[in-house]
Each structure stands twice: as structure tokens, then as C-alpha cells.
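Structure first, commentary second.
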Amino acid sequence: PRGSVTQINSLTYIYTAFTRPVGLPGIHEFSAIGLLDGRPIDYFDSDTQVKVPREDWMKERLDKEYWDKGTSSRQTKQQWFKVSLKVLNDRLRKNDTVNHYLQWRHGCEVNTTGSERKLSGIDQYGYDGDDFLSFDSHHKQWVAHMDGAILTKRKWDGIQQLNDYTDGYLHNECVQWLDTFLKYRKEANIKASPPEVYISARPFENNLKLSCLATGFHPKEITMNIRRDGHLVDRDDGLQSTGIRPNGDGTHQIKKWVMIPRGDTANYTCEVNHPASNIHVVEEWGKSLVG
């Protein structure tokens, strides 16, 4: 409908497996990550061998059985990837001395406009960064993107239960989990604490130290800017920050400051945006001094 806002939400899982350990920090022989609207919500890798939450609300709302099952599932997939990579390397006559990798990306997206929902699913494999195989939900069959994938396509298309399960997961189970996670996230954000924002200045040597403080907020995702006559003050102007720090009561604080000349007649403002509590604050410095 004209004038309606479309909301897009997605749940995606990405699995990546290498032939052998990579030997680089942060890159594992096997890893799996779950993404809700592009943000990590769970994670597994071959070094830790445990599926873990990446959001506090995932940890709070999902019980031990969920994580234990997830760990077992990831470990099973890890073995499947290991075997599949060996088969692919042999089939494609790839050099054993080169570290090849296989990636699987699958999930669902829901476009909501008013009361109308449009569902779409994605299930695709990549080999060494190139498209290998993908699932065509419309025709309920696999599509080979390179010659080496034709054999796999024929084999998988020959198993009707596999194609029915894949289509069912993308349009039913995945969407149910997406709705569940969105509900959990929304309920967690209802408990969000908004920030209290203060802007002040105090004499410091021959200048003034102009400070902006936001405190008492949760969760910790926040943006803070100081502006001079509407222009952003940045590091090149000498802007410094404490970074986000815990308050000790489950809330957080952040402080930014910049040195300005005494007698500066410019208009200084502090802008704070806290998405979880839907708060956008602009505080103006009234030229008074502290201390």
C-alpha cells in the first residue's frame, strides 16, 4: 500500500570450512555464525567446539538443551564439511598443497508491509569463493553454478525428502525461529535504560575542557557526538573519549571531551543516540563553567 513502511528482517547462518588449519588469528578450520538482521547472535568454531550466544538475550532466553543440541549439530556439520571438501577436491582435481574452502549460507528473510508478509529463503554453497550450488525454492530443485557441482545437483535432486525438507526449513522452521528471536530481542530492548546526558566546561590550564557525559544506559550500543556550530568535532580537533565503561549496576557510561579557547563564542552541542531505548538527545552548552 502507498505510504506504508516495509520492514525487512532476516535470519542467516554461515558455515565456513577449510581443508586444513589456516594459521591466522581469528580464522578457524571450521566456523559457523548465526546472524539476526546482520548482527551475530551465536557462534561455533573448531577450536572451542561449543555453540555459544553472542547476544545477552540469547543467553538469557534459550536453555542449556538448546545450546547442547546446537553444539552437537555444529560438530556433525563440521565432519560433513570435512568429508565433502575431500570429495570436492578429488573431483575437481585440486592441488592438495593449496588450502581450499567450502562455504554454506542459508536462511530466510521476511518483508513486512502493513499486514502483508513476503517470505524468501536462501540456501547456497560456495567453493573457493565461487558460487557452487544453490536451491531454487520456486522449482524445488538445486542449481549447479559450475561443472563440478552437476554431480551433486543430480544426487540431491534425486532425494525428494531432502528437497522437501530444504524448502520446508526455509519457509517454515527458519521463519518461526526468526519470529522467536525478534520477539526475544524486542522484549530485551523493552528493559532498555535510557541515558542521562550532561554537557559542561571547566577551566584547564589556559583553555576550557568541554565534556559530554552519557550515563545510566543499557544496552551499551550508543553514539555520541560533540558539534561546534553544527560541525562535527573529531580527533583532528583533539577530541578524546573514555570509551564505553560499566557503571557497576548493569548500566554503562561514556564521556568525550575537547579543549576549547577561553572566550570561544561558538555554539557547542552534545548529541547522543541510544537505539535500544529510542532516545535521541541534543544538549547545548550554556557557556557556564564548573569548578
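Does Asp249 fit the bill of being outside any helix (DSSP H, G or I) and within 24 Å of Asn206 (Cα to Cα)?
no
State all residues of the range 49-84 that are among the hydroxyl-bearing types (Ser, Thr, Tyr), surrounded by 12 or more Cβ atoms within 10 Å (Cβ to Cβ) and more than 30 Å from Glu187 (Cα to Cα); if no residue qualifies, say none.
Ser84
Go through the range 135-160 and give me each residue that's more than 21 Å from Lys94 (Cβ to Cβ) and part of a strand (DSSP E or B).
Phe135, Asp136, Gln141, Trp142, Val143
Tell me, please, whether a residue that is β-branched (Val, Ile, Thr), loosely packed, with under 13 Cβ neighbours inside 10 Å and more than 27 Å from His28 (Cβ to Cβ) can be found in the range 153-160.
Within the range 153-160, one or more residues are β-branched (Val, Ile, Thr), loosely packed, with under 13 Cβ neighbours inside 10 Å and more than 27 Å from His28 (Cβ to Cβ).
How about the range 54-101: which of its residues are over 30 Å from Leu182 (Cβ atoms) and of a type in the set (A, V, I, L, M)?
Val83, Leu85, Val87, Leu88, Leu92, Val98, listed by residue number.
So how many residues does the range 235-255 have that are under 26 Å from the mean Cα position of the chain (by Cα) and either of a type in the set (Val, Ile, Thr) or surrounded by 12 or more Cβ atoms within 10 Å (Cβ to Cβ) (or both)?
Here the count works out to 10.
Does Val258 count as free of Cβ contacts under 8 Å to residues at least 40 places away in the same chain and assigned to a strand (DSSP E or B)?
Taking the combined requirement at face value, the residue does not satisfy it.
What pairs come up if the first residue lies in the range 94-112 and is under 18 Å from Ala17 (Cα atoms), the second is at pLDDT below 85, and their beta carbons are under 8 Å apart, counting only those six or more places apart or on different chains?
Between residues of the range 94-112 that are under 18 Å from Ala17 (Cα atoms) and residues that are at pLDDT below 85, the close pairs are Asn99/Val22; His100/Lys94.
Of all the residues that make up the range 113-146, how many are out of contact with any Leu (no Cβ under 9 Å at 6 or more places or on another chain) and either farther than 27 Å from Val22 by Cα or surrounded by 14 or more Cβ atoms within 10 Å (Cβ to Cβ) (or both)?
Within the range 113-146, residues that are out of contact with any Leu (no Cβ under 9 Å at 6 or more places or on another chain) and either farther than 27 Å from Val22 by Cα or surrounded by 14 or more Cβ atoms within 10 Å (Cβ to Cβ) (or both) number 14.
Going through the range 216-234 one residue at a time, which ones are within 27 Å of Pro261 (Cα to Cα) and buried (at least 16 other Cβ atoms within 10 Å of the Cβ)?
Correct list: Met224, Asn225, Ile226, Arg227, Arg228, Val233.
Scan the range 169-178 residue by residue and report those that are surrounded by 14 or more Cβ atoms within 10 Å (Cβ to Cβ) and either of a type outside the set (A, V, I, L, M) or assigned by TED's automatic domain parsing to the domain that holds Ser277 (or both).
Tyr169, His171, Cys174, Trp177
Given the criterion of a type in the set (Lys, Arg) and in the same structural domain as Pro40 (by TED's automatic domain parsing), identify the matching residue among Arg185, Arg262, Arg202.
Selected residue: Arg185, the only one of Arg185, Arg262, Arg202 that is of a type in the set (Lys, Arg) and in the same structural domain as Pro40 (by TED's automatic domain parsing).
For residues that are in contact with a Phe, Trp or Tyr (Cβ under 7 Å, 6 or more places away or on another chain) and among the polar types (S, T, N, Q), scanning just the range 224-260, find the one that is modelled with the highest pLDDT.
Going through the qualifying residues, I end up with Gln240.
Only residues in the range 131-143 that are assigned by TED's automatic domain parsing to the domain that holds Gly168 and closer than 14 Å to Arg105 by Cα count as the first member; pair them with residues that are assigned to a strand (DSSP E or B) and charged (D, E, K, R), Cβ under 6 angstrom, at least 6 apart or cross-chain, and list the lot.
Within 6 Å, the pairs are Phe135/Asp123.
Considering only residues that are in contact with a His (Cβ under 9 Å, 6 or more places away or on another chain), in a strand (DSSP E or B) and among the polar types (S, T, N, Q), which ones fall in the range 268-291?
Matches in the range 268-291: Asn273 only.
Just to be sure I understand the filter: pairs with C-beta atoms under 6 Å, separated by 6 or more residues or on different chains, first member in the range 52-67 and touching a residue at least 24 places away in the same chain (Cβ under 8 Å), second member of a type in the set (Phe, Trp, Tyr). Which pairs pass?
Between residues of the range 52-67 that are touching a residue at least 24 places away in the same chain (Cβ under 8 Å) and residues that are of a type in the set (Phe, Trp, Tyr), the close pairs are Trp57/Tyr184; Arg61/Tyr184.
The values are calculated or read from the model by the stated rules, or taken from the named source; none is laboratory data. Since the model is a prediction, treat every value here as computed from it, not as a measurement. Here Cβ is always computed from backbone atoms with ideal geometry, including for glycine, and neighbour counts include all displayed protein chains.
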